[in-house]
Each structure stands twice: as C-alpha cells, then as structure tokens.
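Here's the structure, in structure tokens; my notes come after.
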Amino acid sequence: MTSKKKSVGVIPLGNISEIALQAIAEHITGCFKLTTQILPPLEKPEYAIDERRLQYNAGIIIETMEAMHFGNHDKVIGVLNKDLFIPIFTHVFGEARQGGTCGLVSLFRLAKNSDGSSPPKSIIHERAAKVALHELGHLLDLLHCEHKRCLMHFSGGTEEVDEMSLDLCEYCSIYLQDKLR
Ligand SMILES: [Zn+2]
Ligand SMILES: [Zn+2]
C-alpha cells in the first residue's frame, strides 16, 4: 500500500526567531510524523489590523494565505508575533479552519503568564509548538477533544496550554492516523 506523506510548511509572518520556528517544525515532525520545512518569511500582515480593536483579524490572514501557493506543501502554519482575534473571542492563540490549508499561531499572548509574569523562552516555544500542533490538527480535520492533556483540547488561557501534553489522546491519535492514511 502506498500513502502519500503530507508535507507541512512553517512560515514566519514578519520577523520570528529561528529557534521558535525550529521548535514548531521539530514538534510537527516528532508528534505527527510529517515532513516539515521552514519557508522564507512573508510580510507582517498589516492588512489584517482592526483599527478599532488594535488586533489582527486571524480570518483575514488565513484567507490571504490560502490564496497563495506554497509549493508542494499540503498544509501551512503561519507564525507571527501579533495579537490575534476572531470576532467571537477577545483573542486567540492560533486559528485554523477544519480541513483548511493554512493555520496560524501567534507568540504574542503565549509570551506572558496569566499573572503578567514572563515565562522562560523554552516555555514560550513549547506553548507555540502545542498551539501549532493543535491548529494543524484542525487542518487535518480533528475536532476539539475533552481530554485536558490532549493536544486537541481547547485552550482559552496559557495555564490550559501548559496543562496539555505534547501528544494526542488515544482517540484523537487513531482518528489522525485514519485521516493520514
Ligand atoms: Zn481548536
Ligand atoms: Zn483527544
């Protein structure tokens, strides 16, 4: 049986540290066993700023990215350092549409704990990797999961991100394997 391995592109939107990009790419390769490549950066998404909220509209960025071509990559994760929102939430750590091509993760809110303190860089990178994997999960058609430790658990705060493991629960894992077959 032949199965075409999916390939994932990780693309910075603006100036993002190489270590953060590598942490995300390595976790995608390690956890989802997919080929991953860091792509050359796109411009900062200034077109998506909402003048009233002074935040960036995740849906507009995703639509713009989905109109682009990223070589032979089936899925693309954009990484940025801007405060993202979608209309129904005050902010989001990342965003992706079920079964879509492009997802986003923002380092902006992951770089602060809920008490306002700053975590070490290694924690920020781990959080970013978790959110990137979560959004990639949505792109691969996974839904939210009620298991708190599962990557597909919905996180509204950084504590919830920290509580997640870097793995899918058994159920989501079987579902993903089925999707990737
Ligand atoms: Zn989600
Ligand atoms: Zn799960």
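Order Asp167, Asp115, most accessible first, counting only protein heavy atoms with a 1.4 angstrom probe. Could you put the intermediate results ahead of the total?
Numbers: Asp167 85, Asp115 120 Å².
Order by accessible area, largest first: Asp115, Asp167.
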message: Keeping all protein chains in the complex and leaving out DNA, RNA and ligands, what accessible area do you get for Ser117 with a 1.4 Å probe, in Å² to the nearest 10?
response: 50
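Over the stretch 93-164, what is the relative contact order in whole percent, taking alpha-carbon pairs under 8 Å and six or more residues apart?
Details: 104 pairs, mean separation 23.8, N = 72.
Worked out over the stretch 93-164, it gives 33 percent.
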Per residue accessible area of the chain, 1.4 Å probe, in Å²: 52
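Length gain on complete extension for the stretch Arg149 to Ile123, per 0.36 nm per residue less the alpha carbon to alpha carbon distance? Working shown, then result.
On the way: separation 26, 0.36 × 26 = 9.36 nm, distance 1.64 nm.
The Arg149-Ile123 span can extend by a further 7.7 nm.
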message: Multiplying the sequence separation of Leu39 and Ile19 by 0.36 nm and subtracting their Cα-Cα distance, what value in nm do you get?
response: 5.8 nm
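Which shape class, rounded, prolate or oblate, goes with the stretch 3-133 when its Cα gyration tensor gives a ≥ b ≥ c as root eigenvalues, a/c under 1.5 marks rounded, and past that a/b bigger than b/c marks prolate? List each step's numbers first, then the result.
Working: a/c = 1.80, a/b = 1.19, b/c = 1.51.
Oblate, because a/c is 1.5 or more while a/b does not exceed b/c.
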- line: the chain: relative contact order from alpha carbon pairs under 8 Å, six or more residues apart, as a whole percent, is 19
message: Give me the extension gain from Asn113 to Glu26: residue separation times 0.36 nm, minus the current Cα-Cα distance, reported in nm with one decimal.
response: 28.9 nm
- request: Measure off, as a whole percent, the carbon and sulfur share of the 1.4 Å-probe accessible area of the stretch 7-176, all protein chains present.
  value: 54
message: Once ligands and nucleic acids are excluded and a 1.4 Å probe is used, how much of His147 is accessible, expressed in Å² to the nearest 10?
response: 100
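Longest segment of the chain with no GluC sites (Glu not before Pro) in a DSSP loop having at most 12 other Cβ atoms within 10 Å? Can you show the working numbers first?
Numbers: sites that count: Glu43, Glu51, Glu146.
The longest uninterrupted stretch comes out as 52-145.
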Centroid-to-centroid separation of the stretch 83-103 and the stretch 34-58 [C-alpha atoms, Å]: 11
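Suppose accessible area is computed on protein heavy atoms with a 1.4 Å probe; arrange Ile88, Ile60, Ile124 from highest to lowest. Display every interim value, and only then the final one.
On the way: Ile88 140, Ile60 65, Ile124 20 Å².
Greatest to least solvent exposure: Ile88, Ile60, Ile124.
What number, rounded to the nearest 500 deg cm²/dmol, is the helix-based mean residue ellipticity at 222 nm of the chain, given -39500 (n - 2.57) per DSSP H run of at least four residues and division by all its residues?
Working: 5 runs with 60 residues, N = 181.
Roughly -10500 deg cm²/dmol at 222 nm, from the helical runs in the chain.
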- prompt: Which of the trypsin sites (Lys or Arg not before Pro) across the stretch 1-66 are loop residues per DSSP, with 14 or fewer other Cβ within 10 Å?
  reply: Lys4, Lys5, Lys33, Arg52, Arg53
field: DSSP beta bridge pairing in the chain, given as percent antiparallel to the nearest 5
entry: 25
field: DSSP-loop chymotrypsin sites (Phe, Trp or Tyr not before Pro) across the stretch 123-181, with at most 14 other Cβ within 10 angstrom
entry: Phe154
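The values are calculated or read from the model by the stated rules, or taken from the named source; none is laboratory data. Not measured: the values here are computed from a predicted model. Glycine gets a Cβ as well: all are built from the backbone with ideal geometry, and neighbour counts include every protein chain shown. Just so you know, the surface numbers come from the protein's heavy atoms only, side chains and all, with ligands and any DNA or RNA stripped out. Shrake-Rupley method; radii C 1.70, N 1.55, O 1.52, S 1.80 Å.
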